[in-house]
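Novice: I am attaching a structure below and will ask some questions about it afterwards.
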Amino acid sequence: DGRDLDSESLLVWAEQGVGDEIFFAFGLIPLARHVSNVVVAVDERLLHFFRERFPTWRVIGRDEASGIVEQGTESFDFHIPMGELMPLFFDELRALPTEALHPLFKPVESRREQIADTLGARQKPGVAISWRGGTDIDGKARSMELADMIAGLPTDADLDIISVQYSGEVGREIAELGDARVRSSGLDNRNDLEGVMTLLSHVDAVISVDNAVVHFAAAMGTPAHVIMPRALSQFRFKNEDFRQAFFPGVQLYY
């Protein structure tokens, strides 16, 4: 309920997908003013970023947290899903200076050299793209064809376009597109989020449909241009209060 805790332990467990885990992580920032003994359970692919951002807390993976609870090897005085922190501390979040919130995460230092090699010499603007959402009805409604997305870019735009799309037959789609500007990231875009998010911190912009990539870009402080259906409900980017507070670098295109 938002009360201060002294020595009591609090388990904060992530919910939904990795994009929402990153968005809901903003609620952990004001939580630090109220609770010191915190264990945060997140997707294993995000462990590095949460541990770097909240070094005084214990950050574990979802599977480890599930094992602890199921086996009863550790008990907690309180627990809360991470998304519930937002309504509790929204007013406090809005009062914080921008530099306290952004960027939410920093690049992984040990990956900088690899990402620099992947991107090569920067002689033209780098743009990362993603064109597909999920496979459910909502995800399909948010998705585009790669050719349709690229059709919106002038043919003479001298860009280095890097795919960070994490589902589908990406290699085949890029090959069939036949645009020499578009290439693969060379990373495992689904599982290597340390590499993907570090790469996003090195490009000039992201163009994407409404999916987790937008959250990755926002967390790294990279401008993101998001294409979405006007009629699709969306409580994150389409809520102007949320967008200004948590996604100041996101621009919407309907």
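The values are calculated or read from the model by the stated rules, or taken from the named source; none is laboratory data. The structure presented is a predicted model; accordingly, all values stated were derived computationally and were not measured. Glycine gets a Cβ as well: all are built from the backbone with ideal geometry, and neighbour counts include every protein chain shown. These area figures cover heavy atoms from the full protein model, side chains too; ligands, DNA and RNA do not enter into them. Shrake-Rupley method; radii C 1.70, N 1.55, O 1.52, S 1.80 Å.
Novice: Roughly to the nearest percent, how much of the accessible area of the chain is carbon and sulfur, given a 1.4 Å probe?
Specialist: Its accessible area is 49 percent carbon and sulfur atoms.
Novice: Rolling a 1.4 angstrom probe over the protein chains, ignoring ligands and nucleic acids, what is the accessible area of ASP4 in square angstrom, nearest 10?
Specialist: 100
Novice: Would the range 133-207 count as rounded, prolate or oblate if I go by the C-alpha gyration tensor, calling it rounded below 1.5 in a/c and otherwise prolate when a/b exceeds b/c, oblate otherwise?
Specialist: On the way: a/c = 1.57, a/b = 1.06, b/c = 1.48.
Judged from the Cα gyration tensor, the range 133-207 comes out oblate (a/c at least 1.5, b/c at or above a/b).
Novice: Once you list every other residue whose beta carbon is under 12 Å from the beta carbon of VAL203, what net charge do they have if Lys and Arg are +1 and Asp and Glu are -1?
Specialist: Around VAL203, the charge tally is 0.
Novice: Follow-up. Considering the chain as a Gaussian network with a 10 Å cut-off on Cα pairs, which listed residue, GLY168, GLY19, GLY27, attains the greatest mean-square fluctuation?
Specialist: The residue with the greatest mean-square fluctuation here is GLY168.
Novice: For Cα extents along the principal axes in Å, the listed values are (1) 51, 45, 41; (2) 136, 43, 30; (3) 61, 36, 35; which was obtained by calculation from the structure presented?
Specialist: Looking at Cα extents along the principal axes in Å for this model, the match is (3).
Novice: Kindly provide the trypsin sites (Lys or Arg not before Pro) of the range 74-158 that DSSP labels as loop, not H, G, I, E or B, and whose Cβ sees at most 12 other Cβ atoms within 10 Å.
Specialist: ARG122
Novice: Grab the DSSP H runs of the chain that are 4 residues or longer, score each as -39,500 (n - 2.57), total them, divide by all residues and round the 222 nm result to the nearest 500 deg cm²/dmol.
Specialist: That calculation yields -9500 deg cm²/dmol at 222 nm.
Novice: With springs connecting C-alpha atoms under 10 Å apart, model the chain as a Gaussian network and identify which of ALA121, ALA25, ALA175 has the largest mean-square fluctuation.
Specialist: Highest fluctuation of the listed residues: ALA121.
Novice: Taking a temperature of 37 °C and a viscosity of 0.692 mPa s, what whole-number D in µm²/s does Stokes-Einstein yield for the range 138-254 with Rh from Kirkwood over alpha carbon pairs?
Specialist: It comes out at roughly 220 µm²/s.
Novice: So, one more: For a distance above 23 Å, tell me the whole-number percent of Cα pairs in the range 92-174 that qualify.
Specialist: 47
Novice: Identify the trypsin sites (Lys or Arg not before Pro) of the range 1-92 meeting these criteria: DSSP loop state and at most 14 other C-beta atoms within 10 Å of the C-beta. Could the numbers behind the result be given before it?
Specialist: On the way: sites: ARG3, ARG33, ARG45, ARG51, ARG53, ARG58, ARG62; in loops: ARG3, ARG33.
For trypsin sites (Lys or Arg not before Pro) across the range 1-92 that sit outside H, G, I, E and B with at most 14 neighbouring Cβ atoms in 10 Å, the list reads ARG3, ARG33.
Novice: Right, another one. May I ask for the distance between the Cα centers of the range 207-248 and the range 73-89, given as a whole number of Å?
Specialist: 25
Novice: Sticking with this structure for a sec: What number do you get for the range 1-152 when its Cα radius of gyration is normalised by 2.2 N^0.38 Å, N = residues?
Specialist: Numbers: Rg = 18.9 Å, N = 152, 2.2 N^0.38 = 14.8 Å.
For the range 1-152, the normalised Cα radius of gyration is 1.27.
Novice: In square angstrom, what is the accessible area per residue of the range 193-254 with a 1.4 angstrom probe?
Specialist: That works out to 36 Å² for each residue.
Novice: Normalised by the empirical 2.2 N^0.38 Å for globular proteins, what value does the Cα Rg of the range 1-55 take? Don't skip to the end; give the middle numbers.
Specialist: On the way: Rg = 11.3 Å, N = 55, 2.2 N^0.38 = 10.1 Å.
Against the compact-globule rule of thumb, the ratio is 1.12.
Novice: I've got another one for you. I need the GluC sites (Glu not before Pro) found in the range 1-75, filtered to DSSP loop residues with at most 15 other beta carbons within 10 Å of theirs.
Specialist: Sites meeting the loop and neighbour criteria: GLU8, GLU15, GLU74.
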